[in-house]
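Just so you know, all these numbers are worked out from the coordinates, no wet-lab data involved. Everything numeric in this text was worked out from a predicted model, so none of it was measured. Cβ atoms come from the backbone with ideal geometry, glycine included; neighbour counts cover every protein chain shown.
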Amino acid sequence: MNKDHRNIIVVGLAITALLLFYTVFSERGVLKGRQLTLQRDALIAKSKVIKAKNAQLTEELKRLNNDLKTIEKIARSQLDLVKENEILYKFTD
C-alpha cells in the first residue's frame, strides 16, 4: 500500500469518526433525541395524572351542585349545621 492510499484511508476514517461523533453528540444527535423522548414521556405521564385529577374534581363539582346528600354531609361536617330538633355535641380532646 502506498502513501496516497494510506492518506485516503486516514482521511476517510477521520471523516467517518467526525460524522459518528456528530451523530451521537450533536444538538440533533442520538443522545439529545433520547433525552427529549424521556422528557416527552414524563410530560405525557404528568398530563394523564392531571387529566385524572381534573375528571375527579369535575365529578365532585357535579355532586356538590346536584346531590343533596353530599351537600348535607358537607354542611353538617364543615359548618356544624343540624336539622330541626337535633342537638349537636362537640367533644374536645
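A few points about this structure:
- Cβ separations smaller than 9 Å between residues 6+ apart or across chains give the following pairs from segment 1-23 residues that are polar (S, T, N, Q) to residues that are surrounded by 10 or more Cβ atoms within 10 Å (Cβ to Cβ): THR23/GLY29; THR23/VAL30.
- Of residues in segment 50-65 being under 30 Å from LYS90 (Cβ atoms) and of a type outside the set (A, V, I, L, M, F, W, C), the one surrounded by the fewest Cβ atoms within 10 Å (Cβ to Cβ): ASN65
- When LEU31, LEU81, LEU13 are screened for being surrounded by 10 or more Cβ atoms within 10 Å (Cβ to Cβ), assigned to a loop (DSSP other than H, G, I, E, B) and not β-branched (Val, Ile, Thr), only LEU81 passes.
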